[in-house]
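Structure record follows, encoded as structure tokens.
The values are calculated or read from the model by the stated rules, or taken from the named source; none is laboratory data. The model shown is predicted, which means the values in this text are computed figures rather than measured ones. So basically every Cβ, Gly included, is an ideal-geometry build from the backbone, and we count neighbours across all protein chains shown. With ligands, DNA and RNA removed, areas are computed over all heavy atoms of the protein, side chains included. Shrake-Rupley method; radii C 1.70, N 1.55, O 1.52, S 1.80 Å.
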Amino acid sequence: MSQCPFSGKNPQSVTLTSANGAPVANDNQSRTAGRRGPVTFDNHYLFEKLAHFNRERIPERVVHARGSAAYGTFTLTNSLSDYTIADFLQQEGQQTPVFLRFSTVGGGQDSSDYARDPRGFAVKFYTEQGNWDMVGNNTPVFFLRDGIKFPDFIHSQKKNPRTNLPDPQAVYEFWANNPQSLHQSTILMSDRGIPLSYRHVNGYSSHTLSLWNSKGERYWVKWHFKTNQGIKTLTTEEAAQMPAFGAQQDLVASIDNGDFPSWTVKVQIMTEEEARSYHINPFDLTKVWPHKDFPLKEIGQLELNRNVDNYFAETEQAAFAPNNLVPGIGVSPDRMLQARLLAYQDAHRYRVGANVNQIPVNAPKCPVHNYQRDGAFAGINPALASSGANFYPNNRAMAGEPAEAVQYAEPPMPLEQDAWLDIYDTQDDDNFSQAGELYRIMNESQKQQLVSNIADGLSQATADVQEAMFAQYDAADEDYGRRVKEAVMVRLTAG
Ligand code: NDP
């Protein structure tokens, strides 16, 4: 009989157990029929190990698969009580625990941290009235203003379905047919397209969200998280030299070393009245609100100060959803946001399951009382407070069963008067002005990088796609259009 070399030898060690908690006497050999014979069918511990191993993965996110995350604190420095009843935005000095997950968008879990790609910037605020998820990016706008194009867009930016290789033709063919992407693609192709690390990015709600106060007044709001580490970026050539896991390593190391990254939190606020007459559609995700029209108001500091203990349990199972809202914070008529209200929770139910919000990283820190029941991996059921009612309304509020709190009713949201349900074509809804504004604030070095990055990919696309893109850059800014065309021609001539 062979002896397990470690069992019981070290008095400090705890006893190894199987999943049902029973001590394991031998973890190194299977039970066999004789010294040279096969494994027998009573090797239930072997089978348990192999079966669990087979189930170690859950479906990775189709977008934002590769992520890094950490815990921290949001400190309010300027009360928003005039605008919102949100309990964590009332008293200056108030602190709220947060969890922030950064990510790339297009690549799978084992892709590089240094892709030219937007970075996800999703913050879970564990407030005393529930979790608020600010599910943003490191860009103030997005490629699309309507979620119906999202699957097409992502398909075009991922690998070619036949060759499984990057496909610049598809990338630019989508953009050529969707000029609404020009503003965001200009940011992506600029020097900001490859951040040095997650500590060196800004975060934006990008969407217009809302705040509402105890008088029933609603304000439209955009959130900005400005990095206190400064924006730092890499060129395409520099990024190619970096280890694939560099941004993950940077975040873990800086927090482990006590060098806590932080962001200054700011908001832009627009009244309903201003929104009605503003020349830009304030709910169009391809547009910013220019700072001169809606100045940034500083409201707090966000610091990351604790790494996760278990990457899978926390970072991978973290489930951010824009519909995780709290009283005083609401959505807006932004069409991309409505698409995300469905898509994010749907993704998490598929990836993690119906009880995704019971997993510690997702669980609110305040009590949860409702009548949602059971499902896969249901932990302690939040209903059944005392009387066991699993339906509502009931007559058992006095017995401690949850009841509605009408004081938190959200005020009605204004829409266009006499709005008709129809399909409205917004394809040509000024796709160029703000891309041009951005181009014009870039310095010469930034313009050169932008043009060069575009030309690298666009020169690999077909002539019809190139012509359509030249026209878009030209519509944004003549100098932008001229330079891109010249740079593409140089590459085509060279090779
Ligand atoms: P401002 O001059 O007031 O603000 C310009 C903003 O652009 C700053 O916040 C700056 O961010 C940011 N910026 C600078 N270079 C880049 C880049 N390569 N990629 C992305 N952002 C960059 O101008 P406006 O408010 O009138 O906006 C002009 C343009 O600036 C917009 O069309 C938009 O593309 C861009 N922008 C605007 C934002 C807004 O909310 N108004 C937010 C971010 C960008 P930082 O302070 O971090 O350097």
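Return the pair list, or none, for Cβ contacts closer than 6 Å from residues in the range 310-339 that are in the same structural domain as GLN90 (by TED's automatic domain parsing) to residues that are acidic (Asp, Glu), at least 6 apart or on different chains.
These pairs meet every condition: PHE320/ASP133; ALA321/ASP133; ASN324/ASP133; GLY330/GLU410; ARG335/ASP146.
For the range 271-282, state whether one or more residues are of a type in the set (A, V, I, L, M, F, W, C) and closer than 17 Å to PRO333 by Cβ. Give the derivation first.
Of the residues in the range 271-282, the ones of a type in the set (A, V, I, L, M, F, W, C) are 275, 280.
Applying the additional criterion that residues be closer than 17 Å to PRO333 by Cβ yields 275, 280.
Scanning the range 271-282 turns up at least one residue that is of a type in the set (A, V, I, L, M, F, W, C) and closer than 17 Å to PRO333 by Cβ.
Can you tell me which residue within the range 278-322, out of those that are among the acidic types (Asp, Glu) and within 15 Å of TRP220 (Cβ to Cβ), is farthest from the ligand (Cβ to nearest atom)?
Filtering the range 278-322 for residues among the acidic types (Asp, Glu) gives 284, 293, 298, 303, 309, 314, 316.
Next cut, within 15 Å of TRP220 (Cβ to Cβ) only: 284, 293.
Working: ASP284: 13, ASP293: 8 Å.
Top of the filtered list is ASP284.
Whether any residue in the range 481-494 is among the polar types (S, T, N, Q), open to solvent by 20 Å² or more (accessible area, probe 1.4 Å) and within 16 Å of the ligand (Cβ to nearest atom) is what I want to check. Talk me through it step by step, then tell me what you get.
Residues of the range 481-494 that are among the polar types (S, T, N, Q), as a first pass: 493.
Right, trim to open to solvent by 20 Å² or more (accessible area, probe 1.4 Å) and you get 493.
If we keep only those that are within 16 Å of the ligand (Cβ to nearest atom) too, we end up with none.
There is no residue in the range 481-494 that is among the polar types (S, T, N, Q), open to solvent by 20 Å² or more (accessible area, probe 1.4 Å) and within 16 Å of the ligand (Cβ to nearest atom).
Got a number for residues in the range 204-228 being of a type in the set (D, E, K, R) and more than 16 Å from the ligand (Cβ to nearest atom)? Reasoning before the result, please.
Step one: list which residues in the range 204-228 are of a type in the set (D, E, K, R), which gives 215, 217-218, 222, 226.
Keeping just the survivors that are more than 16 Å from the ligand (Cβ to nearest atom) gives 215, 217-218.
Summing the residues that are of a type in the set (D, E, K, R) and more than 16 Å from the ligand (Cβ to nearest atom) in the range 204-228 gives 3.
Does PHE153 meet the test of being surrounded by fewer than 23 Cβ atoms within 10 Å (Cβ to Cβ), among the aromatic types (Phe, Trp, Tyr) and more than 27 Å from PRO414 (Cβ to Cβ)? I'd like the intermediate steps shown before the answer.
Details: surrounded by fewer than 23 Cβ atoms within 10 Å (Cβ to Cβ): yes; among the aromatic types (Phe, Trp, Tyr): yes; more than 27 Å from PRO414 (Cβ to Cβ): yes.
Judged against the criteria, PHE153 is a match.
Taking the range 252-273, which residues are over 18 Å from TRP223 (Cα atoms) and either within 16 Å of the ligand (Cβ to nearest atom) or within 24 Å of the chain's Cα centre (by Cα) (or both)? Quick ask: steps written out before the conclusion?
The initial filter retains those residues of the range 252-273 that are over 18 Å from TRP223 (Cα atoms), namely 252-261, 273.
Hits for the range 252-273 are VAL252, ALA253, SER254, ILE255, ASP256, ASP259, PHE260, PRO261.
From the list LEU188, LEU196, LEU182, pick out the single residue that is within 16 Å of the ligand (Cβ to nearest atom) and free of Cβ contacts under 8 Å to residues at least 60 places away in the same chain. I'd like the intermediate steps shown before the answer.
Values: LEU188 fails: free of Cβ contacts under 8 Å to residues at least 60 places away in the same chain; LEU182 fails: free of Cβ contacts under 8 Å to residues at least 60 places away in the same chain.
So the residue among LEU188, LEU196, LEU182 that is within 16 Å of the ligand (Cβ to nearest atom) and free of Cβ contacts under 8 Å to residues at least 60 places away in the same chain is LEU196.
Checking ASP146 against (1) within 22 Å of TYR114 (Cα to Cα); (2) of a type outside the set (A, V, I, L, M); (3) away from the ligand (no atom under 16 Å from the Cβ), only one condition comes out false. Which one?
If we test ASP146 against (1) within 22 Å of TYR114 (Cα to Cα); (2) of a type outside the set (A, V, I, L, M); (3) away from the ligand (no atom under 16 Å from the Cβ), just (1) comes out false.
In the range 412-455, how many are under 16 Å from GLU486 (Cα atoms) and either open to solvent by less than 60 Å² (accessible area, probe 1.4 Å) or assigned to a loop (DSSP other than H, G, I, E, B) (or both)?
Of the residues in that region, 8 qualify.
Search the range 59-86 for residues being surrounded by fewer than 18 Cβ atoms within 10 Å (Cβ to Cβ) and among the charged types (D, E, K, R), and hand back the single one that is farthest from TYR219 (Cα to Cα).
Residue satisfying both the conditions and the ranking: GLU60.
Wholly within the range 174-274, which helices (runs of 4 or more DSSP H) include no fewer than the required count, namely at least 1 residues that are out of contact with any strand residue (DSSP E or B) (no Cβ under 6 Å at 6 or more places or on another chain), open to solvent by less than 40 Å² (accessible area, probe 1.4 Å) and not assigned by TED's automatic domain parsing to the domain that holds ARG335? Please lay out each step first, then the result.
Working: elements: 182-189, 236-240, 246-256.
Result: 182-189.
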